[in-house]
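Each remark here refers to the structure printed beneath this line.
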Amino acid sequence: MSPPLVEIENLSVRFKGAKTIHAINEVSLTLAQGEMLVLLGESGSGKSVTLKALLRLMPKSAEIGGAIRVNGTDVLSLTGRALQEYRGGEASMVFQEPGLALDPVYTVGQQIAEAVMRHKGVDRASAMATALDMLQKVKIPSPERRLKNYPHELSGGMRQRVMIALALACRPKLLLADEPTTALDATVQIQILLLLRELQREFGMGVIFVTHDIGVAVEISDRIAVMYAGAIVEEGTTAEIIKDPRHPYTQGLLAANLHDVPRGTRLEAISGAPPALEAKPESCSFAPRCRHAMPACRAGLPPMVAFGQGRRVACLLAKNTEMTGA
Ligand code: SF4
């Protein structure tokens, strides 16, 4: 069996300021070569911070602990040129709002070609040929003409296709996608999801995809890791998580899902709000919102229970198969 493409061990991220924010606490994850993993959870659960830690896109106030290895590279020890080569070469990212991520003063072709020249050391003509090839791969209409367009001349869906072309132009082994379809219309959203899936298979990349939308997660992923309050609370194959969610938070997310629900069905919201993350949790962070909470849940951190093939749940009731409904 080949080693994992990504290994995250006990990752912790703290942001120092007037108040310390414990954004990520002891997160451990692996991603196999060619696998699509979704990080699922509400805003503030730590999904995007985990992605940014993987690319070392952290503000100076961040304190990072633990270990991250991508294709054998110790990411947290990279500096200078090695870090620049890793970003965009080994691993790259598609952001939620491509209008902010793309440079408004350069054409689409110049931006993709620049990245290819920097990482592959080829001349401009060859880099432009790669840029055109990538625009064809992301199925942009009239790709020759689009090479000469500036980002503001394109629709939101086309800008996201350009962002994907830019991220994949240097053939990274790892693609990080941070809610890349959230700002798009529903029809464009599904086109972009299908495109990402197709390119992931064609390029054999590992992908970590962040979303708060369980419908998107089901559509695109092989495996799902559910995050809450800076920690992973449940992980398993997509089929297992959908069929048999064990953590009350995952059950709540599924019960609140708007996709494929018959008209008139009463949806169940998860009451309350996520915690403020100003202290490292010493008990179950979900307890104030959990209808199964009991005194033991507030007495200490629930251990991560592993069972089946790669299935993990951080809940004191994880082994109780009668636990249904959040
Ligand atoms: Fe609910 Fe307790 Fe499980 Fe936390 S450990 S999710 S409070 S049952």
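When Gln200 is tested against (1) over 19 Å from Phe286 (Cα atoms); (2) assigned to a strand (DSSP E or B), just one condition goes unmet, and that condition is (2). Right, Leu76: crowded, with 22+ Cβ neighbours inside 10 Å and in contact with a helix residue (DSSP H, G or I) (Cβ under 9 Å, 6 or more places away or on another chain) or not? No, not satisfied. Could you tell me whether any residue of segment 131-150 is closer than 25 Å to Thr30 by Cα and among the charged types (D, E, K, R)? The answer is no, given that none of the residues of segment 131-150 is closer than 25 Å to Thr30 by Cα and among the charged types (D, E, K, R). One residue is enough: does segment 201-219 have a residue meeting the conditions touching a Leu at 6+ places or on another chain (Cβ under 9 Å), under 22 Å from Leu55 (Cβ atoms) and surrounded by fewer than 21 Cβ atoms within 10 Å (Cβ to Cβ)? Yes, the conditions are met somewhere in segment 201-219. Tell me whether segment 89-102 contains one or more residues that are free of Cβ contacts under 8 Å to residues at least 12 places away in the same chain and farther than 30 Å from Leu254 by Cα. Yes. In this structure, does Ser43 turn out to be at pLDDT 95 or above and under 17 Å from the mean Cα position of the chain (by Cα)? Here the answer is no, as Ser43 does not meet what is asked. Among residues of segment 306-326 being at pLDDT 90 or above and open to solvent by 30 Å² or more (accessible area, probe 1.4 Å), the one that is nearest to Glu235 (Cα to Cα) is Arg312. Scanning segment 189-209 for residues that are of a type in the set (Val, Ile, Thr) and within 13 Å of Leu31 (Cβ to Cβ) yields a count of 2. Given the criteria modelled with pLDDT of 80 or more, assigned to a helix (DSSP H, G or I) and either more than 8 Å from the ligand (Cβ to nearest atom) or at positive phi (or both), does Leu301 qualify? Against the criterion (modelled with pLDDT of 80 or more, assigned to a helix (DSSP H, G or I) and either more than 8 Å from the ligand (Cβ to nearest atom) or at positive phi (or both)), Leu301 does not qualify. Among residues of segment 280-298 being near the ligand (Cβ under 6 Å from one of its atoms) and not in a loop (DSSP other than H, G, I, E, B), the one that is farthest from Lys19 (Cα to Cα) is Cys297. Taken over segment 90-108, residues that are at pLDDT below 90, within 18 Å of Leu193 (Cβ to Cβ) and open to solvent by less than 40 Å² (accessible area, probe 1.4 Å) amount to 1.
The values are calculated or read from the model by the stated rules, or taken from the named source; none is laboratory data. A quick note: this is a predicted structure, and the numbers were derived from the prediction, not measured. Because the Cβ atoms are built from the backbone with ideal geometry, glycine has one as well, and the counts that use them run over all protein chains shown. When the accessible area is computed, the model is the full protein with side chains, heavy atoms only, and any ligands, DNA or RNA have been set aside. Shrake-Rupley method; radii C 1.70, N 1.55, O 1.52, S 1.80 Å.
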